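The values are calculated or read from the model by the stated rules, or taken from the named source; none is laboratory data. Here the structure is a predicted model, which means the values were calculated and not measured. Using ideal geometry, Cβ is built from the backbone for each residue, glycine included, and neighbour counts are taken over all protein chains shown. Note: accessible area is taken over every heavy atom of the protein model, side chains too, but ligands, DNA and RNA are not part of it. Shrake-Rupley method; radii C 1.70, N 1.55, O 1.52, S 1.80 Å.
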Amino acid sequence: MQQNNSSKHSSGDMRIGMALAADRVMTGVFYLVAGFFLVLLFAFAGYIIIKGFAGAKLYMFAFAKGGIGNQFFNTVYLVFLALLISVPIGILSGVYMAEYAKPGRVTHFLRIAIETLSSLPSIVVGLFGYLVFIVLTHAQWNLFSGALAVSILSLPLISTTTEDALRSLPESYKKGSLGMGATLRQTIVTVLLPAAAPRIITGVILAAGRGFGEAAALLYTAGMSTDINWTVWNIASPTCALNPFRPGETLSLAIWGARTEALSADSAEIANLSSAVLMIMVLTFSILAHTLEGRIKKKMGDTK
Amino acid sequence: MKHADNTVRKWDEYMIQDAINIIDSQLAHSAETNRSQSEEDTGIYNKSENVIKIPKFSVNDLNLHYGSFHALKDISINVDKNSITALIGPSGCGKSTFLKTLNRMNDLETGVAIDGSVRLDGTDVYKDMNAIALRQRVGMVFQQPNPFPKSVYDNVAYGPRIRGIKKRSELNEIVERCLTEVGIWSEIKDRLFKSALGLSGGQQQRLCIARTLAVAPEVILMDEPTSALDPISTMKIEDLAMKLKEKYTIVIVTHNMQQANRISDKTAFFLLGEIIEYDTTNNIFLNPKNKKTEEYISGRFG
Ligand SMILES: Nc1ncnc2c1ncn2[C@@H]1O[C@H](COP(=O)(O)OP(=O)(O)O)[C@@H](O)[C@H]1O
Ligand SMILES: [Mg+2]
């Protein structure tokens, strides 16, 4: 092991010493940067949450006019609808890009299309949604068109994470399965997708996060009003909470509306509280998601 | 350093002793079983101790190109049923490529051109068989153990499930039988529902063999199945291969000359895409006809 002869010994030691020192310095720098972001996140989230709740009154939590309960519900429901649309399509498209698309012009063009889609400004998507889902269909503002608009934004994200997740799997999974006489479809469904699940779930969560915070794409689609009657459970009724074809203002739109229009005296407090609730939603969701991902990863393969 | 040397020497002694035992018992064993089996099978038996069998695979004038690279050149070889055929030769000489032509795993790569014929029990696997059906009859075990990131149970049940077996009792029976056949049932029966990725490398490789057995193949192709394993696990896989040849036909690529010598009935020596010599393992190792074969097995190159 000791290949250095004695004359080179001291310079070798010095080199190792310097490398170790540099290593310690860099480790320190990384800790510092990581710590900075951690502090930034806590300060930011803490400020918003404390400020939001400090000015809150009890009536602001109501699921009725004057409170933000309905907006909270609309946010969750809209993201749920958007995921219902974009998860299946996004995963299918990711599977296609990773496993079926042959390298060539069509694939190249598709990839450009997906990349472009993922960098579309959301206000453009909102106006497009307004034109196609509202104007052309002669509909009023509604949650479903909002969900479609958000889907357009989350589709490329889910598609690319699915594609990346599949591509990063060891080639040996696929070979092992095909080598036993499984078809490619069986291999994808029963081996590759389950193995890629933790990363795909992360992608879906990021997409959901984007949906929670989305405002511009919803301005002209989901609309800026909400009128829910919590005693009506006929889904066809325009005031039923679960009717996707009713207008549905979300929390981020409520913030925007309260800060720009300021129709009532408590607008500032409403906006602050909405921000606080939105912040908590995003944090909870992100923590839950990571725990879920971790548990799936750990249990990968432990089945009953 | 001292320590490592020691273990290597010990291991050598162990292997030699073991090899002697194995060869002894094998010679005694094969002399009887081969004869009676093939007499039943074909009724053909010739005096000079060489059993004439119907080949499992017969390969004729096989040529394979990767793009413009000529990777296999005029390969003609018969693979005997219920025997172990070893493929030896230096790295990059086409052993894996040849092995993959036997169950059409080459189909997965682009730019592969194949010409000539590979027949399984007389049927051309490229012209008259579909790759999915072929691979259910000709299973494959890889160099790196590659269990799926699923439970031990789900790994073994994978093949039967994709072939439509759903009944739990039937699957249970298959899982137990295959794990027993590869000799790890008692070791892992308590952790059937834990991830297969938590097993040791040797256990994983035997699990992969069990997974292959679960679809009842006729042939098992092994591409350097022990090169990623420790000596003890290697021994176990070798013993297993010798046991399995009673029911299956085995073709094994190996870098380890002693391994080829220990376990195979016939050996093919590959060099630069050609088969230089193909004969009984005894002849290849004790009495090679080609000078290059002799140089290779005596370790002068490769
Ligand atoms: N997919 C491929 N495309 C192009 N060349 C390949 C491919 N696979 C193998 N080769 C080449 O073919 C030759 C034989 O490879 P291989 O069969 O893997 O050799 P071995 O298993 O004997 O080490 C090597 O020169 C290798 O570089
Ligand atoms: Mg190889």
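Any chance you could count how many residues in segment B:278-296 are more than 16 Å from B:V251 (Cα to Cα) and within 16 Å of ligand 1 (Cβ to nearest atom)? Break it down stepwise before answering.
Filtering segment B:278-296 down to residues more than 16 Å from B:V251 (Cα to Cα) leaves B:282-296.
Now narrow it down to the ones that are within 16 Å of ligand 1 (Cβ to nearest atom): B:292-293, B:296.
Count: 3.
Looking for whichever is in contact (Cβ under 8 Å) with a residue 12 or more places away in the chain, at negative phi and open to solvent by less than 60 Å² (accessible area, probe 1.4 Å) here; the options are B:K247, B:K266, B:K292, B:K236. Which one fits?
B:K266
Here's the yes/no breakdown for (1) under 25 Å from B:K73 (Cβ atoms); (2) within 12 Å of chain A (Cβ to nearest Cβ); (3) of a type in the set (V, I, T):
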| residue | (1), (2), (3) |
| --- | --- |
| B:T97 | yes, no, yes |
| B:T101 | yes, no, yes |
| B:E109 | yes, yes, no |
| B:S117 | yes, no, no |
| B:T123 | yes, no, yes |
| B:K127 | yes, no, no |
| B:M140 | yes, yes, no |
| B:N155 | no, yes, no |
| B:P160 | no, yes, no |
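Across segment B:59-74, what is the number of residues that are open to solvent by less than 30 Å² (accessible area, probe 1.4 Å) and within 12 Å of ligand 1 (Cβ to nearest atom)?
Number satisfying all stated conditions: 3.
So for segment A:156-176 (the condition being in a loop (DSSP other than H, G, I, E, B), farther than 24 Å from A:L81 by Cβ, within 14 Å of chain B (Cβ to nearest Cβ) and open to solvent by less than 40 Å² (accessible area, probe 1.4 Å)), does at least one residue qualify?
For segment A:156-176, residues in a loop (DSSP other than H, G, I, E, B), farther than 24 Å from A:L81 by Cβ, within 14 Å of chain B (Cβ to nearest Cβ) and open to solvent by less than 40 Å² (accessible area, probe 1.4 Å): present.
With respect to the numbered conditions (1) within 14 Å of chain A (Cβ to nearest Cβ); (2) within 16 Å of ligand 2 (Cβ to nearest atom), which one is the sole condition not fulfilled by B:G89?
If we test B:G89 against (1) within 14 Å of chain A (Cβ to nearest Cβ); (2) within 16 Å of ligand 2 (Cβ to nearest atom), just (1) comes out false.
Can you pull out the helices (runs of 4 or more DSSP H) entirely within segment B:92-191 that have at least 1 residues that are open to solvent by less than 70 Å² (accessible area, probe 1.4 Å) and more than 16 Å from ligand 2 (Cβ to nearest atom)?
Result: B:131-137, B:152-162, B:168-181, B:185-188.
Out of segment B:194-206, which residues are in contact with a strand residue (DSSP E or B) (Cβ under 9 Å, 6 or more places away or on another chain) and open to solvent by less than 70 Å² (accessible area, probe 1.4 Å)?
B:S195, B:A196, B:Q205
Does B:I84 satisfy the criteria of being under 12 Å from the mean Cα position of the chain (by Cα), away from chain A (no Cβ under 14 Å) and either hydrophobic (A, V, I, L, M, F, W, C) or within 16 Å of ligand 2 (Cβ to nearest atom) (or both)?
yes
Restricting to segment B:192-204, name every residue that is within 12 Å of chain A (Cβ to nearest Cβ) and assigned to a helix (DSSP H, G or I).
Correct list: B:A196, B:L197, B:G198, B:Q204.
What's the total number of residues in segment B:250-263 that are within 19 Å of B:Q144 (Cβ to Cβ), open to solvent by 20 Å² or more (accessible area, probe 1.4 Å) and among the polar types (S, T, N, Q)?
Selection size over segment B:250-263: 1.
Take B:I209 and tell me if it is within 14 Å of chain A (Cβ to nearest Cβ) and open to solvent by 10 Å² or more (accessible area, probe 1.4 Å). Show your work before the answer.
Values: within 14 Å of chain A (Cβ to nearest Cβ): yes; open to solvent by 10 Å² or more (accessible area, probe 1.4 Å): no.
So B:I209 fails the test.
Helices (runs of 4 or more DSSP H) wholly in segment A:208-300 with at least 1 residues that are surrounded by 20 or more Cβ atoms within 10 Å (Cβ to Cβ) and of a type outside the set (A, V, I, L, M, F, W, C) - which ones?
Filter on segment A:208-300 gives A:251-261, A:267-299.
Does B:K73 count as away from chain A (no Cβ under 14 Å) and either under 22 Å from A:G181 (Cβ atoms) or touching a Lys or Arg at 6+ places or on another chain (Cβ under 6 Å) (or both)?
Values: away from chain A (no Cβ under 14 Å): yes; either under 22 Å from A:G181 (Cβ atoms) or touching a Lys or Arg at 6+ places or on another chain (Cβ under 6 Å) (or both): no.
In short, no.
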